[in-house]
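See below for the structure under consideration.
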Protein chains: 2
Amino acid sequence: MANDTKTELLNSAERAARTRGFDGFSYADLSADVGIRKASIHHHFPTKAALSVALMQRYHANLKKACDDIDDQEPTGGGRLAALIDRYRTALDGGKSLCLCVSFSTSRDSLPAEVIVQIRNFRAMMVEWITQVFTLGVTDGSILDVRDPMAEAAAMLSLIEGAQLAARAEENPDLFESAVALMQQRLQ
Amino acid sequence: MANDTKTELLNSAERAARTRGFDGFSYADLSADVGIRKASIHHHFPTKAALSVALMQRYHANLKKACDDIDDQEPTGGGRLAALIDRYRTALDGGKSLCLCVSFSTSRDSLPAEVIVQIRNFRAMMVEWITQVFTLGVTDGSILDVRDPMAEAAAMLSLIEGAQLAARAEENPDLFESAVALMQQRLQ
DNA sequence: GTCTATATGTGGATAGAC
DNA sequence: GTCTATCCACATATAGAC
């Protein structure tokens, strides 16, 4: 079930979208990557718009689960925020890949309206989770100098997305580290 | 000299690239926008790669000048940083447009090697300038809680670029404000 | 579910007249 | 410097056989 064609197509498409953007890959690329003909892809995803919806849906679910897993494994606010930063660091893949949400944002006008809604929901979910993490960090003293958890959360998400973008621009993961260094120093 | 065809093409291309990404516009779009035929555009910019180089070159010069102007007009570090944030806020155009550097970063693989170098130079220039602003802000006391000016600068650039991206994702400038609110509170 | 074959549009780019 | 006309590659998508 995990390695069926549909899943392989989603994997290939997500990799492509995150490295080259939504307008930067085609069904021909997926065809070459997965090893089936272009026309066969349409059987699984009738249009590229439908594919983009499926991508965002799976991405949202995956990140939600990642946040839940972090909650299970890290007891402190600081530990949870550090784990989130690490997740984005890993997703960068050495400066070759972006968060799908970041990648889709620049291609906004090429995407169906449904994906725009999905992007809004994704960001709302992330900001809400990060806000709770900051709130916990105040309570347990594991994050320094927290003024306003909600404002911190909005800034935090922009910071790590911007840090990914900087690293992607030069394909240099050091730029991600430079951008998040100050924030990491606040985590105990 | 300011409104010749070449400049109009650059203006149209920059607007297009910043709203739809480098892969999101074509010579046909520029043709319709500027009012000359596709083939005529090739007289001014033989290839799209050459056009992208010209765009980044002009963008770099424009931002350099903007920073110089801010230096002239704002005496304090806090004032200068606030002016930079305002520049990025204005560039957002209500959530429709990104910094060219941000837009190009996601299309990295479609761009000529020369542009990648230009992006690196652009970011280096910006980080250097912001670092000096933070240093001044420590001296004159106009920016609160500055730990390390260089680290602050890297984080600052990622923050405002990420904030633009968030606002662009939902075409909602409020998200830019939410992301930069905490930073603005540190400016006197 | 995958294939071949094809339709139809658009991409960047060139040749040569004016 | 701009035009018409054209090239070729590639995009998404469909029809119908196996």
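Quick note: the coordinates plus some simple rules give every number you see, no bench work behind them. These numbers come from a predicted model, not from an experiment. Cβ sites come from the backbone with ideal geometry, for glycine too, and all protein chains shown count toward neighbours.
Here are the numbers for the structure shown:
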item: Count of the range A:160-188 residues which are buried (at least 24 other Cβ atoms within 10 Å of the Cβ) and facing another protein chain (nearest Cβ under 7 Å); result: 7
item: The range B:1-30: number of residues that are away from every other protein chain (no Cβ under 14 Å) and within 9 Å of DNA strand C (Cβ to nearest atom); result: 3
item: Residue within the range B:72-81 that is among the aliphatic types (A, V, I, L, M) and in a helix (DSSP H, G or I) present; result: yes
item: Answer from A:Phe22, A:Phe45 - the residue that is within 8 Å of DNA strand D (Cβ to nearest atom) and of a type in the set (Phe, Trp, Tyr); result: A:Phe45
item: Residue in the range A:144-156 that is nearest to the chain's Cα centre (by Cα), counting only those that are more than 7 Å from chain B (Cβ to nearest Cβ) and assigned to a helix (DSSP H, G or I); result: A:Met156
item: Residue in the range A:36-48 that is more than 11 Å from DNA strand C (Cβ to nearest atom) and either of a type in the set (Ser, Thr, Tyr) or assigned to a helix (DSSP H, G or I) (or both) present; result: yes
item: Search result, residues across the range B:84-104 that are within 16 Å of B:Glu177 (Cβ to Cβ), part of a helix (DSSP H, G or I) and not β-branched (Val, Ile, Thr); result: B:Leu84, B:Asp86, B:Arg87, B:Tyr88, B:Arg89, B:Ala91, B:Leu92
item: Any hit, the range B:74-97, residues being touching a Ser or Thr at 6+ places or on another chain (Cβ under 7 Å) and within 16 Å of DNA strand D (Cβ to nearest atom); result: no
item: Test set (1) within 10 Å of DNA strand D (Cβ to nearest atom); (2) under 30 Å from A:Glu170 (Cβ atoms) - A:Ser40 fails condition number; result: (2)
item: Conditions (1) free of Cβ contacts under 8 Å to residues at least 12 places away in the same chain; (2) more than 7 Å from DNA strand D (Cβ to nearest atom): number failed by A:Leu51; result: (1)
item: Output for the range A:98-126, where each listed residue is in contact (Cβ under 8 Å) with a residue 12 or more places away in the chain, within 11 Å of another protein chain (Cβ to nearest Cβ), surrounded by fewer than 22 Cβ atoms within 10 Å (Cβ to Cβ) and out of contact with any Phe, Trp or Tyr (no Cβ under 9 Å at 6 or more places or on another chain); result: A:Asn121, A:Arg123
